[in-house]
Amino acid sequence: MRLDIVLRVAAKLILPLMLVFALYVQFHGDYGPGGGFQAGAIAAGAVILYGLVYGLSAAQRLVPVAAVETMVPLGVLVFAAVGVAGLLLGDNYLDYDKLAHDAVHGQEWGVFLVEAGVFITVFSTMLAIFYAFAGRGIKE
Amino acid sequence: MESIVILVLLTLLAAVLVAVVRTRSLFAAVVLLSAFSFLMASVMLVLDAVDVAMTEAAVGAGISAVLFLSALHLTKTTEAPPRRSALLPLAVAGITGAALLFGVSDLPPFGIAETPMHRAGPDYIARVPAETGIPNVVTAVLGSYRGFDTLGETVVVFAGALAVLALLKRRGG
C-alpha cells in the first residue's frame with residue numbers, strides 16, 4: 001500500500017498555486033518584487049516538486065528533456081536578440097528606446113522580453129540540473 | 001524593533017551553522033542548510049531586499065536542498081571519518097576567513113548614505129518613472145540600465161547548465 005497519499009494530495013493542491021505565483025512574479029515584476037530569475041526558480045521548483053512526488057518520468061512527460069535542453073540556450077538568445085533588435089533599429093545594443101512607437105513603451109517591451117529570456121534560461125537550467133542528478137540514480 | 005528581529009535571526013543562523021558543522025549525518029546537514037537559507041531569506045526580507053529574499057528561498061532553501069538530496073541518494077548518508085589530519089584544511093579555511101574579514105573591513109559602514117551605491121540611487125529613482133514607465137526601480141535598473149550585467153548573469157546560468165550537463169549527462173544511453 002502506498003503511504004504517500006498525503007504528499008500526493010498536498011502536491012496537487014499546492015502545484016497550481018506555485019505555477020500561478022511564478023506567473024505573477026514574472027508578469028508583475030514591473031510593479032512588485034520579482035522578475036525572470038525568481039519566477040523561473042519558482043516555476044522550476046513546482047516541476048521539481050511534481051517530479052519528487054510523482055516520479056522523474058512523470059515530470060519528464062510534463063516538460064520533456066529535449067524541451068529543457070532547447071530552452072537553456074533559447075533564453076540567452078532571446079535576451080541577446082532584443083539587443084540586436086535595438087541595434088538594427090538604430091540604437092545602442094540593449095537600448096530599448098526604439099523598440100516601440102515611443103521610448104517609454106520601448107523600455108517596457110524591452111524589459112518584458114529580456115525578463116522572458118531570463119525566465120526561459122533559469123527555468124530550464126534548474127530543471128536540466130535536476131534531471132541530470134535524478135536521472136543518475138536510475139539503473140536502466 | 002527591526003534590529004531585535006535581525007539579532008534573533010542572526011543568532012539562529014549561527015546556531016544552525018554550528019549544528020551543520022557538528023552533525024555527522026549528511027541528511028540532517030542538508031535539512032539544516034535548507035533552514036539556514038530560509039533564515040537568510042528572512043534576514044533579506046527584514047533588510048527590504050524582497051527580490052533577493054525570494055531568490056534565496058526558492059533556490060537556496062528549495063532547489064539546492066533537492067539537488068543535495070539527489071546527490072545523497074547516489075552516495076552514503078553519513079559522513080566518513082576523515083582519513084588525514086584536519087590541519088591543512090583548517091589552515092586553508094583560516095586563511096580564507098582572515099582574507100574575507102580583511103576585505104570586509106574595507107566596506108563602507110552599514111546604512112551610510114555617502115557610499116557610491118547610495119549616491120547613484122536617488123538619481124535612478126528620479127529618472128526611472130519618466131524614462132521607462134516601470135514603477136519597480138529594481139526591475140528597471142536590472143532590465144534596462146544594467147541590461148549588460150543581466151545578460152552576463154543569464155550567460156553565467158547558461159554556462160552552469162552546460163557544465164552540469166557535460167559532467168553528469170550520460171552519452172548515448
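The values are calculated or read from the model by the stated rules, or taken from the named source; none is laboratory data. Model, not experiment: these values are computed from the prediction. Note that we place each Cβ from the backbone using ideal geometry, even for glycine, and neighbour counts take in every protein chain shown. Calculation scope for accessible area: heavy atoms of the full protein, side chains included, ligands and nucleic acids excluded. Shrake-Rupley method; radii C 1.70, N 1.55, O 1.52, S 1.80 Å.
For this structure, a couple of remarks:
- Selection count where residues are more than 7 Å from chain B (Cβ to nearest Cβ), under 19 Å from B:P129 (Cβ atoms) and buried (at least 24 other Cβ atoms within 10 Å of the Cβ), scope the range A:94-122: 0
- Taking each residue of the range A:123-137 that is farther than 24 Å from A:G36 by Cα and within 7 Å of chain B (Cβ to nearest Cβ) and looking for partners that are open to solvent by 30 Å² or more (accessible area, probe 1.4 Å) and among the charged types (D, E, K, R) with beta-carbon atoms closer than 9 Å, six or more apart or interchain, yields A:R136/B:R170.
- Every condition in (1) away from every other protein chain (no Cβ under 14 Å); (2) modelled with pLDDT of 85 or more holds for B:L162 except the one numbered (1).
- Residues satisfying the stated conditions in the range A:39-52, i.e. buried (at least 18 other Cβ atoms within 10 Å of the Cβ) and within 22 Å of A:L13 (Cβ to Cβ): A:A39, A:A41, A:I42, A:A43, A:A44, A:G45, A:A46, A:V47, A:I48, A:L49, A:Y50, A:G51
- Residue match in the range B:83-100 (condition: farther than 21 Å from A:A39 by Cβ, assigned to a helix (DSSP H, G or I), modelled with pLDDT of 90 or more and under 16 Å from the mean Cα position of the chain (by Cα)): yes
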